[in-house]
1. Heavy atoms only, probe 1.4 angstrom, no DNA, RNA or ligands counted: give me HIS394, HIS550 ranked by accessible area, highest first.
2. Please list THR329, THR139 from largest to smallest accessible area, probe radius 1.4 Å, with all protein chains kept in place.
3. Sum -39500 (n - 2.57) across every DSSP H segment of at least 4 residues in the chain, then divide by the residue count to get the 222 nm mean residue ellipticity, nearest 500.
4. On a 0 to 90 degree scale, rounded to 10, what angle separates helix 3-19 from the longest Cα axis of the chain?
5. What is the distance in Å between the Cα centroid of segment 582-615 and that of segment 156-203?
6. As a test question: what accessible area, to the nearest 10 Å², does CYS289 have when a 1.4 Å probe is rolled over all protein chains in place?
7. Could you provide, to the nearest whole Å², the per residue accessible area of segment 184-292 with probe 1.4 Å?
8. For a quick protection proxy, order the peptides 598-607, 159-168 by their average other-Cβ count within 10 Å, most packed first.
Amino acid sequence: MERNSIINTIDQIAAHAKKQGLAHLHTTNKCLSDNRLRFDQKEVVNFGSCSYLGLELDRRLKDAAIQGIENFGTQFSSSRAYVSLGLYKNLEEKLSRLFEASVLVTPTTTLGHIGAIPVLVGANDAVIMDHQVHNSVQTAVNLVKAKDTHVELVRHNRLDLLEKRIIELKGTHNRIWYMADGVYSMYGDLAPVDEIYALLDKYPELWFYVDDAHAMTAFGKNGRGVVLGSRAIHPRMVVAVSLNKAFATGGGALVFPTPELAQKIRNCASTLITSGPMQPSALMAANACVDLHLSGEITAYQAELAERIRYTHSLLKKYGLPDLAEPTTPIFFVAVGFPKVGYNLINRMIESGFYLNLGIFPAVPIKNTGVRFTITRLHTFEQIEQMIKAMAYHYPLALAEEGVTTEQVYGAFKITPPAEKEMAKHVQSGINHTQLKSSHYKTIREVPALEWDELMQNRGIFDVNTLHVLEESFSKNEKPEDNWNFDYFIIRDFSGKAILATYTTCALTKDDMLSHEAVSFDVEARRKTNPYLFTSRTLSLGSQLTEGNHLYINYESPLWKEALQLLIHRMEELQLLYKASTTMMRDLPADDVRMDDFMVENGYFKVVLPESYKADLSTWNNEQEFYETLSKRSKRHFKENIRRHADKFVTRITDQADEETLQQCYNLYMNVKNNSLALNTFRLPFSLFRKISSGCKWDIIRLFLKGEEESGKCAGMVLAYKHGDTYSGVIVGLDYQVNNETPVYRRALYEVMLRAKELGCRFIQFGFSAGTEKRKFGAIATSSCAYMQVKDNFNMAALYSNSVKPILKQHELSIVERGV
């Protein structure tokens, strides 16, 4: 999967949330004196603040900030490498007393990471990140990864996997850095710090870098956070904290075990040399705030917050809402599963006077969307109770309105529903089944043939005849990847008119199918000893062999959304039945905005597929006319590679072949398969070639060098098929030794075009890859996309981190974990 596809998905989700009025908001308050926000004319209680103790409104901090401006102006503009305000020195000395360790203040926590991590991590070190570690840490790690430092991800809080990797890496790396959060920002869960300290004591190669931003001030002795709250800093440990959340003044800080290490970061960290400093108002307020910490006054505020956290959990339990949060932190996460339910519920809560956040991809897996909210000391018990009551009222209504059941939500998070709850116990699907009739067929033999072929005409090679071939070819085979499950759907309105039609296959696929070729190259080397490494079952529209828009949908019908929703529901049932890890709705138009919004709301993310190539044959009737349609460069290519070698080839076209000929064609196909990783799939079974050759109206096009046709030594072959007004070259095989001397592949492309013209076809479908060659024959690239759901977010995170070998190493661990 290309990294850009994921970035585009994030952009699409953010844009959709903005359109829904849930992202990139601006308040219209003239001033803030409590926890109430105003959006235009709507006043809401803010349940989205990370200032957990409400210190931003403390009179002492406000007065200090004002005094900072009065004393030193609005800014002090100088690199800290030259000169800093004395307020910096005062703040660092006070924070060092607080943590009983050496502290360096940074402009922000993120800039602290970006400055420190490239200095801390040596060239021969290794970095292992918890796959839920904050994005700011991952951003900083990308800087060291660019210098070929070994970087990999480990599953969330899986210290057993971490220890295994420490053992494997410590012999080849100087230091192994484990990077994690103290309190994780989505679910509010904690790092197992005691166990990590035990690993630090056990393995001298291990170092721990931890972001404790969400715990600073709110937890621990004098507000030291959860990591150092009751512990001394470990000699091989660096802690980053935020002064911009519960501390409430702005800025960040890094805590070091020695003054020498702190000074090294001060000397070398890029963001402490080239970035602007904290400004006088924030520095003065921070000094006042750390005085509160050192005085012990903060402890009473922490107790008030803890009381509100306990009260919130008790209400969530009382009303039966699916609360996934850690019971001791102020971050809460109520599961809703699908983005569309999240949008609906958040909008309802805003209308009821409460502002909450939406937890959505990429922060969580796209089908693990939830309502994320925070509790602060400023919240009254009445505000908390009214908010939870409102959520309990709207939650089942949002589910019903979006056609989602509580069972689907709990299933998405793999959690067991509570036995009893105040919330509505049974929520029926909001899909209006009374207006739709869904027909589900398990074999193409059951599908109304004339109706199917009419609906699928000119869409791709999945007419009834071809699907017969595929069903018989991909069943009763020895290898698991050669056995596919087929399902067919036609959804009609009450009058019997088809609104939607498609078919799905579930098959074992390679997880790197859409990855960069470098990833597949690495994986294939490992598959020589473990052929099913990095594989999983995928439920997909269409099949791995067919190409084209597999989804017939009548957008003119007012029920098209309901029909598509019903299909998604049926595919979810199949995913559970077949135990598929991934669901893919593929080969759909890449620029269909209606489909984009609909699929994102239903928990699918968009992936741009490799370009496919198609040519229009209607503009010419003979070779010279075809030649005249080409560009100047393509004309030169045609003369040099087609006309010049025309008398060197003999072409044979049949629809049947004997076993020896089929085996030769299969060997040529395997030459091509083994030479390309652009779309990395399992090899096709020989049974498919046998079935195609049994009189199924497929063309077997074979190319021979002149004089060798009688010996049967074939130089290239294409298996092709006519469907409607289109001719598709589906499977190609080459003798590369001959192709290196004579342009066999180019001749094969031209012979396919001539055969298509002979059969009266208007279009020819050339398929994926080899775009440069196909464009020389007038083919035009067409773009399509897939919408995917992945049950496990780990591989998604690994792909997004753009790591290659580290992904494979971690996957080997997950193979053991999964018992494969």
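1. HIS394, HIS550
2. These residues rank, largest area first, as THR139, THR329.
3. -12000 deg cm²/dmol
4. That helix lies at roughly 60 degrees to the long axis.
5. 38
6. The accessible area of CYS289 comes to roughly 0 Å².
7. 31
8. 598-607, 159-168
The values are calculated or read from the model by the stated rules, or taken from the named source; none is laboratory data. Everything numeric in this text was worked out from a predicted model, so none of it was measured. Don't worry about glycine lacking a Cβ; one is built from the backbone with ideal geometry, like all the others, and counts go over all protein chains shown. Just the protein is used for accessible areas: all its heavy atoms, side chains included, with ligands, DNA and RNA removed. Shrake-Rupley method; radii C 1.70, N 1.55, O 1.52, S 1.80 Å.
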